[in-house]
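Data first, discussion second: the structure below is written as structure tokens.
The values are calculated or read from the model by the stated rules, or taken from the named source; none is laboratory data. Quick caveat, the model's predicted, so the values are computed rather than measured. Here the Cβ positions follow ideal geometry from the backbone for every residue, glycine too, while neighbour counts run over all protein chains shown. Please note that ligands, DNA and RNA were not included when accessible areas were found on the heavy atoms of the full protein model with its side chains. Shrake-Rupley method; radii C 1.70, N 1.55, O 1.52, S 1.80 Å.
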Amino acid sequence: MLMENIRLAAASMAANKLRTFLTMLGIIIGIASVIAIMTVGNSQMAENRKQNSMFGIDNVSVYVYFQDDGSDPNIDYSKHIPEFKQDVLSGMCTTFADEIEGISVQSNYSFSGKAVVSGKDPDKYYANVYLSGVNPGYFTVNNTSITLQKGRIFQAKETAADSYVCLVSDLLVNNLFDGDMDRALGQKITVNLTDTETTNDYTIIGVYSSSDYSQMFSQGGVTDMKDIQSSVFIPYLNMEAQGAAYDQSQGYTSQTGRIQFFDLRCTSGTDVSDFSTQLQSYLQSQFDADSGFVVNCYNNAEWIKQEEENMRKQTLTITMIGAIALLVGGIGVMNIMTVSITERTREIGTRKALGAKNREIRAQFITEAILISLLGGLIGMIAGVVTGVVVCRLVQHIDVVLDPRTILISFGLTFAVGVFFGYYPANRAARMDPIEALRYE
Amino acid sequence: MQQAEEKKAAPEGITITDLDELIHEEAPGQETTPKTAEEEKVVPEKAPEESPLIDMRDIVKRFYIGTENELEVLHGICLSVHRGEFTSIVGESGSGKSTLMNLIGLLDHPTSGTYLLEGEDTGSMDDDTLSSVRGQQIGFVFQTYNLIPRMSALKNVEVPMLYARVPQAERTERAKYLLELVGMKERMLHTPDELSGGQKQRVAIARAMANDPALILADEPTGALDSTTGHMIMDLFHKLHDEAHRTIVLITHSAALAEETPRILTLSDGRIIAERRGTRC
């Protein structure tokens, strides 16, 4: 019976092709706009998520600062240096052993310089570098922004101050080793630091991908890719030692070993926002209440959630507009079904005389309404996806994320429109008096 | 009428599928003495105790009930039709024959009275049951054919079987058989607008027999046809009656047409005023 109804509906639609198409137009436009907006919205959301995840969604960023209450006009800030002492950090790790997966510490010192390879023409083979001291946890905690391509990260024995190993970017490998990562591993690079006027050799143990540019820095006016500065990661303690030496040479009070900032990664399953709050009050309690030190814990989760919520609201709003188009389309379907049923009054009367029950007549016309809607929905879906892709690629320049739900939504919506707007005319057909219908001219 | 001249004895084993024979031949003439049918059993082979196929008692139909235009169209019709009978109901326009047809065809409900079809009281049936009974027990043949446009003759014949939930393969097979029976097999894939009036009516007759109904109810089946084609259609009805022993009720305004049928009921002003045997059967 269903197949019969579909066949009948198809025949009726084929008999009035132009009319059917014009009727579908409303549905097509409605669905196309909904799908296009969904596609663009989803792609935008994915893009945002990608950008946000550079600072991982499971990460908490912690720092402490000194808040001057202004009571002492001659305050000596060097007496109020904010830092997390080693015992505070190890206490934290014990207390939150279940929640903390890793801690990332980056040295406060960083130096710019140039890396060359001995035995190669330094005018041709050079790389601008930004030396950064990190602990092994840095790579695991920030693994969303730094992807190891070749080699390995620091091992425990390589974290000492006299450990001259490094992780370099693929850009550096391009510049110094013609892109041959395998050959680069184990090679020594000579790093001349312009700030400290020191030179040290580092053995490359790993290469990270810099494709996301988060570890690349272009200094004023650099246009050549070759001249872009990229991070070279060396062991934390090595960096601290160099920093201390630098401070000493400059006559500064050394702050070596001071940790004011660190990031940590939560174990999966931890409620990051919740943990962040707990951690904040725990660490705050490690400072004297009147010390003026303020601990801040920050995580992306809340922010991402908020941003996605906004995005969703925005998408929803525009989708509502699409829904209005769909509503208009639905009314078009209803209109054309009413016309179709009036035209086919005699047919309806005949069918009733031949044994059709009211519900069978109703089903026949609802099927026709659904089929018109679904076909419109299919065309609309294709048009919507194409529009979405064009907007993403050519206007917003972002990757397209095609959500399989769009198929479900377009079919669901059009089906609903067909049923909803087909029901009234179909019901009218079903309740026609067969005698009147048979006599209808 | 003019086919009376062409009458000849039908050979034994005539096949109804042979259209030429069907058109030109009739059952042997039974020019018996006309009888007033009041006391005559029209179908003597039926056992008298067998319940009639149609048993209408005191059927009254009023329209516009409760308004000042209230109109009683049928004033207590008593009508019984037995299986295998070929009955015509003849009446002028306004006599109430359309109303009566609608009631017999279960398209309408009487205002009062009882209507037993095959012994079942139709008054107690709900709409769905009436639809099924209509589809399976009554085969309609309309003056205006009422074939469904855009559907082939074959598909049209399948429609009643579709609503009777006959499986597709069986439907097609039977529809083909019926179209062959009415001589329309060659054109079974044509749509109604590709068929002549007579051809359409033959398809309609095939359709009326689709579910092997107890009753074929024909409403002015030749009304829209020229007389030659009309005769072909009437011949087809005679074949169905004589050879397939179909029960047929023919509703017409034409006394001449009614004369062809074995039993004639005359309807006038909402009453059956006469019942007699046809003079030409």
Tilt, helix A:405-430 to longest principal axis of chain A (alpha-carbon atoms), in degrees rounded to tens, equals 20 degrees
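Keeping every protein chain present and rolling a 1.4 Å probe, give me the accessible area per residue for segment B:182-281 in Å².
Working: 3420 Å² over 100 residues.
Dividing the accessible area of segment B:182-281 by its residue count gives 34 Å².
Roughly what % of Cα-Cα distances in segment B:197-251 sit above 13 Å, to the whole percent?
Numbers: 830 of 1485 pairs.
Considering segment B:197-251, 56 percent of its Cα-Cα pairs are separated by more than 13 Å.
What FRET efficiency, computed as 1/(1 + (r/R0)^6) with R0 = 51 Å and r the Cβ-Cβ distance, is obtained for A:LEU408 and A:ARG439, rounded to the nearest 0.05? The partial results should precede the final answer.
Details: r = 46 Å, r/R0 = 0.90.
The value I calculate is 0.65.
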Once label points are set 7 Å from the Cα along Cα→Cβ at both A:TYR77 and A:ASP247, what is their separation, rounded to one decimal in nm? 1.6 nm
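Kindly identify segment B:158-281 as rounded, prolate or oblate by the Cα gyration tensor criterion: order the square roots of the eigenvalues as a ≥ b ≥ c, call it rounded if a/c is under 1.5, otherwise compare a/b with b/c, prolate if a/b is larger, else oblate.
On the way: a/c = 2.19, a/b = 1.68, b/c = 1.30.
Since a/c reaches 1.5 and a/b is larger than b/c, the shape of segment B:158-281 is classed as prolate.
Whenever you get a sec, line up B:ARG246, A:ARG439, A:ARG183 from highest to lowest accessible area (probe 1.4 Å, protein heavy atoms).
From most exposed to least exposed: A:ARG439, A:ARG183, B:ARG246.
Excluding ligands, DNA and RNA, what is the accessible area buried between chains A and B, summed over both sides, using a 1.4 Å probe, to the nearest 100 Å²? Write out the running numbers ahead of the final one.
Details: alone 22460 and 13690 Å², together 33860 Å².
The A and B chains share an interface burying roughly 2300 Å².
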Which distance in nm do the two modelled labels at A:ASP182 and B:GLU275 give, with both placed 7 Å along the Cα-to-Cβ direction? 10.8 nm
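With a/c under 1.5 counting as rounded, go ahead and sort segment A:240-375 into rounded, prolate or oblate using the C-alpha gyration tensor (a ≥ b ≥ c being the square roots of the eigenvalues; past the cut-off, prolate if a/b is larger than b/c, else oblate). Could you put the intermediate results ahead of the total?
Details: a/c = 5.64, a/b = 4.39, b/c = 1.28.
Here segment A:240-375 falls in the prolate category.
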Please turn the phi angles of segment A:130-137 into ³J(HN,Hα) values with the Karplus equation 6.51 cos²θ - 1.76 cosθ + 1.60 (θ = phi - 60°), one per residue in order, whole Hz, x for glycine and proline. 10, 7, 9, x, 9, 8, x, x
Based on alpha-carbon positions alone, could you give the equivalent ellipsoid semi-axes of segment A:389-441 from the gyration tensor, as √(5λ), descending, whole Å? 46, 12, 6
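Please work out the Cα convex hull volume for segment A:254-296 and give it in Å³ per residue. Can you show the working numbers first?
Numbers: hull volume 3.9 nm³, N = 43.
Once divided by residue count, the hull of segment A:254-296 is 90 Å³.
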Within segment A:235-252, the residues whose backbone N lies under 19 Å from a label point placed 7 Å from the Cα of A:GLN155 along the Cα-to-Cβ direction are A:235-238
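Of A:VAL339, A:VAL294, B:VAL81, which has the most accessible area with a 1.4 Å probe, and how do the rest follow in descending order?
Numbers: A:VAL339 55, A:VAL294 35, B:VAL81 0 Å².
These residues rank, largest area first, as A:VAL339, A:VAL294, B:VAL81.
Pull out the extension gain between A:VAL328 and A:LEU148, defined as 0.36 nm times the separation in residues minus the alpha carbon to alpha carbon distance; nm, one decimal. Present the calculation step by step, with values, prior to reporting the outcome.
Working: separation 180, 0.36 × 180 = 64.80 nm, distance 5.40 nm.
Once the chain is fully extended between A:VAL328 and A:LEU148, it gains 59.4 nm.
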Using alpha-carbon positions, what is the distance between the centroids of segment B:177-207 and segment A:377-408, in Å? 51 Å
Probe 1.4 Å, all chains present, heavy atoms only: B:MET161 accessible area in Å², nearest 10, is 0 Å²
At a probe size of 1.4 Å, how large is the accessible area of B:LEU257, to the nearest 10 Å²? 20 Å²
One can check that the equivalent ellipsoid of segment A:295-425, built from the alpha-carbon gyration tensor with semi-axes equal to the square roots of five times its eigenvalues, has lengths in Å, largest first, of 44, 16, 12
Taking Cα atoms, how many degrees apart are the long axis of helix A:300-343 and the longest axis of chain A, rounded to 10 and kept between 0 and 90? 10 degrees
Of the candidates A:SER340, A:SER169, A:SER210, which one comes out as most mobile in a Gaussian network treatment of chain A with C-alpha springs shorter than 10 Å? A:SER340
Would you look at the GNM of chain A, springs on alpha carbons closer than 10 Å, and say which of A:GLY113, A:GLY349, A:GLY422 moves the most? A:GLY349
Principal axis lengths of segment A:312-379 from Cα atoms, whole Å, largest first? 54, 19, 18
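Let me make sure I get this right: for segment A:55-199, a, b and c are the square roots of the gyration tensor eigenvalues over alpha carbons, sorted descending. Under 1.5 in a/c it's rounded, otherwise prolate if a/b > b/c, else oblate. Which is it?
Values: a/c = 2.65, a/b = 1.58, b/c = 1.68.
Note, shape of segment A:55-199 comes out oblate.
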Which is the longest run of chain A containing none of the chymotrypsin sites (Phe, Trp or Tyr not before Pro) found in DSSP loop states (not H, G, I, E, B) with at most 13 other C-beta atoms within 10 Å? A:1-212
Pull out the extension gain between A:LEU2 and A:ASN310, defined as 0.36 nm times the separation in residues minus the alpha carbon to alpha carbon distance; nm, one decimal. 106.5 nm
Using r as the Cβ-Cβ distance of B:SER227 and A:ARG19, and R0 as 41 Å, what FRET efficiency do you calculate, to the nearest 0.05? 0.50
Express in Å², to the nearest 10, the accessible area of B:GLU70 obtained by rolling a 1.4 Å probe over the protein heavy atoms while all chains stay in place. 80 Å²
Can you figure out the FRET efficiency of B:ASP58 with B:ALA169, using R₀ = 45 Å and their beta-carbon distance, to the nearest 0.05? 0.50
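How big is the charge dipole of chain A about its Cα centre, in debye rounded to the nearest 20, if each Lys and Arg gets +1 on its Cβ and each Asp and Glu gets -1 on its Cβ? Don't jump to the answer; show the numbers that get you there.
Working: 33 positive and 46 negative charges, 687 e Å.
Rounded to the nearest 20 debye, it is 3300 debye.
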What base-10 log of the normalised intensity I(q)/I(0) is obtained for chain A from the Debye formula, alpha carbons as equal point scatterers, at q = 0.06, 0.07, 0.10, 0.13 Å⁻¹? -0.48, -0.59, -0.84, -1.13
When the Cα centres of segment A:118-153 and segment A:224-299 are compared, how far apart do they sit, in Å? 19 Å
Pairwise label distance in nanometres, A:ASP87 with A:ASP68, each label 7 Å out on the Cα-Cβ vector: 3.0 nm
The protein assembly as shown - percent of accessible surface contributed by carbon and sulfur, probe 1.4 Å: 54 percent
Go through segment B:118-137 and flag every residue whose accessible area shrinks by 10 Å² or more with all protein chains in place compared to the isolated chain (probe 1.4 Å). B:ASP127, B:ASP128, B:SER131, B:SER132, B:ARG134, B:GLY135
Average accessible surface area per residue within segment A:358-405, 1.4 Å rolling probe, Å²: 48 Å²
